[in-house]
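The values are calculated or read from the model by the stated rules, or taken from the named source; none is laboratory data. Keep in mind the model is a prediction, meaning the values are calculated, not measured. Because the Cβ atoms are built from the backbone with ideal geometry, glycine has one as well, and the counts that use them run over all protein chains shown. Heavy atoms of the whole protein, side chains included, go into the accessibility calculation; ligands, DNA and RNA do not. Shrake-Rupley method; radii C 1.70, N 1.55, O 1.52, S 1.80 Å.
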Amino acid sequence: MGKTLQAVRGMNDILPDQTSAWQHLEGVLRDVVQAYGYREIRLPLVEKTELFRRSIGAVTDIVEKEMYTFDDRNGDSLTLRPEGTAGCVRACMEHGMLHNQVQRLWYAGPMFRHERPQQGRYRQFYQIGVEAFGMSDPDIDAEMIFMTARMWRSLDLKDVTLQINSLGTAAARATYKTALVEYLRGCFAELDADSQRRLDSNPMRILDSKNPAMEAVIREAPKLPDYLDEESRVHFAALRAFLDDAGIAYAVNPRLVRGLDYYSKTVFEWVTGKLGAQGTVCAGGRFDGLVEYLGGRATPAIGFALGLERLIALLQVDAVDLPAHNPHVYLVLGGEQGIRRGMVFAGELRDALTGLRLETNCGNGSFKSQFKRADRSGAAIALVIGDDEAAQAQVTLKPLRGEGDQQVLPQQDIASHLGQWLGLQLNR
Ligand code: ATP
Ligand code: MG
């Protein structure tokens, strides 16, 4: 082969050895969101560029430098979605899902951002996103956080900690922003280049700077909580009371911000110290202004997104036991009659036992080589049908992991036998 073909940098293949962990993760997360009555929405991977410019904001990192944007054959500017909220809000508005009703929605799939690839940061990465529309009280904020706490419990993940903050109403934040900009201008020379640039465009993002040299400047900056309005204070206090009632520990982090004006009140993140610099596994918050900002009727909304690669990494670091996906049974076949009977028999066994994973040997081969494949498949049991077994309606059963002796059983008894052995339900 000439030059080797390779995947695009920052876009990963998820290989079969890894997909059982992914399926486990996705299955648990789906069960949790559905336990709260959230319904799945499936959205396009591509949207008009304008949607992201308006919803995420033209002066954010994502829109300024991370989007995969291209012109299609009609000359329309399209973008691979960098996140899911914009498309979800667009779909809800387009299909009239927001008037006089509440929506609890979730979606899953890949997102695309042209970032510098590193551990926990990729150019195609997977999120599960959850959004709720039409509810302005803090109970839904609490429900979102309860749901995420239940996810960590169900996944057996420890050491993810909750940080919360309130951004206040848009009016309160405008006052705060003025004070912040005035302070930052006073120490302009100490700001790094990024922060100097953001001072005009998106000053609150400066608080989120990961540059250690900015630490002192940020520490002394005016604090958002000192500027909160009464309505937001009450909302935040109620959220904290719900969390206390549920026994969910949290830290209030006054530096947890979102730069854009349509974010308000609650923001939260779940963070772990076990993944180095990319420690945020879940980020969420209220965006009461977004629907109206995009031209709809004012609709309260709150949501969060989970980064699946980071959760997979955390499952690995924590060495969480994952359910195996290798076959229970490998079916070894020999002789013309054995193979013909075996192909049918495999289907009969799958009909009889819900959840059975049975791999049939295809392509013949000596018994020796078939047993090698059986071993490699990870199956616990080999079943053998050769011409003799076929003629006598029997099967030879051989344990592959050293439990018990080889035995010959009537084909009609094998399903109940396996059912007991494997703990699977027998269908009659
Ligand atoms: P960061 O500050 O780490 O860049 P962000 O604010 O851009 O995060 P969000 O847009 O809030 O992240 O996305 C929600 C979650 O999606 C993050 O908390 C993270 O778990 C995950 N995520 C975001 N960007 C990436 C990426 N490039 N690769 C892998 N996961 C990502
Ligand atoms: Mg980012």
So, with a 1.4 angstrom probe, what is the percent of accessible area on the chain that is carbon and sulfur?
49 percent
With DSSP loop assignment and no more than 14 other C-beta atoms within 10 Å, the trypsin sites (Lys or Arg not before Pro) in the stretch 306-402 are Arg401
With +1 at each Lys and Arg Cβ and -1 at each Asp and Glu Cβ, the charge dipole magnitude of the stretch 81-190 around its Cα centre, to the nearest 20 debye, comes out at 420 debye
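Can you check how the C-alpha radius of gyration of the stretch 231-386 compares to 2.2 N^0.38 Å, as a plain ratio?
1.83
Give a quick list of trypsin sites (Lys or Arg not before Pro) in the stretch 130-220 that DSSP marks as loop, anything other than H, G, I, E or B, with at most 16 other Cβ atoms within 10 Å.
Lys158, Lys210
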Fluctuation leader among Ser201, Ser369, Ser154 - the chain, Gaussian network, Cα springs under 10 angstrom:
Ser369
How much length is gained on full extension from Glu215 to Asp71, taking 0.36 nm per residue of separation minus their Cα-Cα distance?
47.8 nm
Rounded to the nearest whole Å³, what is the per residue volume of the convex hull around the Cα atoms of the stretch 72-219?
203 Å³
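How would you order 3-12, 121-130, 248-257 from highest to lowest mean count of nearby Cβ atoms within 10 Å?
Listed from highest to lowest mean packing, they are 121-130, 248-257, 3-12.
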Can you work out D for the chain in µm² s⁻¹ from Stokes-Einstein, where Rh is the Kirkwood radius over C-alpha pairs, the temperature is 37 °C and the viscosity is 0.692 mPa s?
130 µm²/s
Above-threshold pairs, the threshold being 28 Å between Cα atoms, out of Lys177/Lys210; Lys3/Lys372; Lys210/Lys265; Lys48/Lys223; Lys65/Lys177; Lys48/Lys210:
Lys3/Lys372; Lys48/Lys223; Lys48/Lys210
Check: the stretch 312-428 dipole with +1 on Lys, Arg Cβ and -1 on Asp, Glu Cβ, in debye
220 debye
Longest exposed-loop-site-free stretch of the chain, with GluC sites (Glu not before Pro), DSSP loop and at most 14 other Cβ within 10 Å?
1-219
Would you list which lysines come within 23 Å of Lys368, measuring only between C-alpha atoms, while excluding same-chain residues fewer than 8 positions from it?
Lys398
Most fluctuating of Pro410, Pro300, Pro225 in the GNM of the chain (C-alpha, under 10 Å) is Pro410
If every Lys and Arg gets +1 and every Asp and Glu gets -1 at its Cβ, then about the Cα centre the chain yields a dipole, in debye to the nearest 20, of 700 debye
